[in-house]
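Okay, so here's the structure we're looking at.
The values are calculated or read from the model by the stated rules, or taken from the named source; none is laboratory data. As the structure is a prediction and not an experimental result, all values here were calculated from the model. Every residue, glycine among them, receives a Cβ derived from its backbone with ideal geometry; neighbour counts consider all protein chains shown.
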């Protein structure tokens with residue numbers, strides 16, 4: 001309908017409209033196999049760029065809590081991924097996970113479960129799936145079951161999230177802290193305050209250690225404490241400035 005078309009335009013189409021033109025334009029006649037191969041490589045490169053762009057836009061909307069706006073961008077990312085890599089590629093999983101997260105945020109739990117089932121099926125069929133991807137999958141499953149009130153199933157998946165995140169990043173990495181945080185929330189909802197407090201403390205300790213390392217690195221290069229900026233992009237430990245969106249990334253992605 002009109003509202004959905006408007007949301008699609010605001011969300012992503014306006015950003016990719018010009019990029020779609022060379023992809024949707026018919027191939028010219030090539031004089032040689034070399035030219036044809038070069039043309040195909042250029043087309044593939046453009047499609048991969050669109051996959052990356054639409055994924056980043058969708059992720060940004062999710063970080064900002066704009067779940068409805070995230071859906072069209074994530075759907076475009078999924079379509080371009082299928083077109084580029086095929087329907088069973090691991091490259092589709094990030095798009096499915098964002099679609100699931102956005103759907104969960106909108107309260108569309110059945111739709112979220114369908115997206116996660118697709119992602120889970122691909123992961124199960126892939127022998128070399130990374131620990132990072134499996135962590136994100138289980139985190140999304142944990143959040144879905146928490147939203148449905150199935151706390152035991154939620155805790156199972158959040159425990160798996162922590163395990164795979166620990167394998168990928170380490171037990172005390174900020175990327176792992178999200179699993180502890182969501183698990184603490186589940187125990188809090190179960191009124192198991194001792195366990196929840198213990199997990200919240202673990203999260204706090206992880207971030208305290210992270211900030212301490214950032215300050216230590218910067219204090220070695222700055223002349224006075226007043227110049228220390230823990231949000232600087234120049235710190236090698238963290239490539240991005242730490243903002244509300246960054247916190248959400250570690251907790252929800």
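Tabulated data for the structure shown
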{"item": "Which numbered condition residue 122 misses (of (1) within 25 Å of residue 186 (Cβ to Cβ); (2) at pLDDT 95 or above)", "result": "(1)"}
{"item": "Qualifying residues in segment 138-159 (those that are free of Cβ contacts under 8 Å to residues at least 60 places away in the same chain and within 19 Å of residue 174 (Cβ to Cβ)) - the one nearest to the chain's Cα centre (by Cα)", "result": "140"}
{"item": "Qualifying helices (runs of 4 or more DSSP H) (wholly inside segment 52-156; at least 2 residues being touching a helix residue (DSSP H, G or I) at 6+ places or on another chain (Cβ under 8 Å), over 24 Å from residue 181 (Cβ atoms) and not assigned by TED's automatic domain parsing to the domain that holds residue 181)", "result": "67-85, 109-125"}
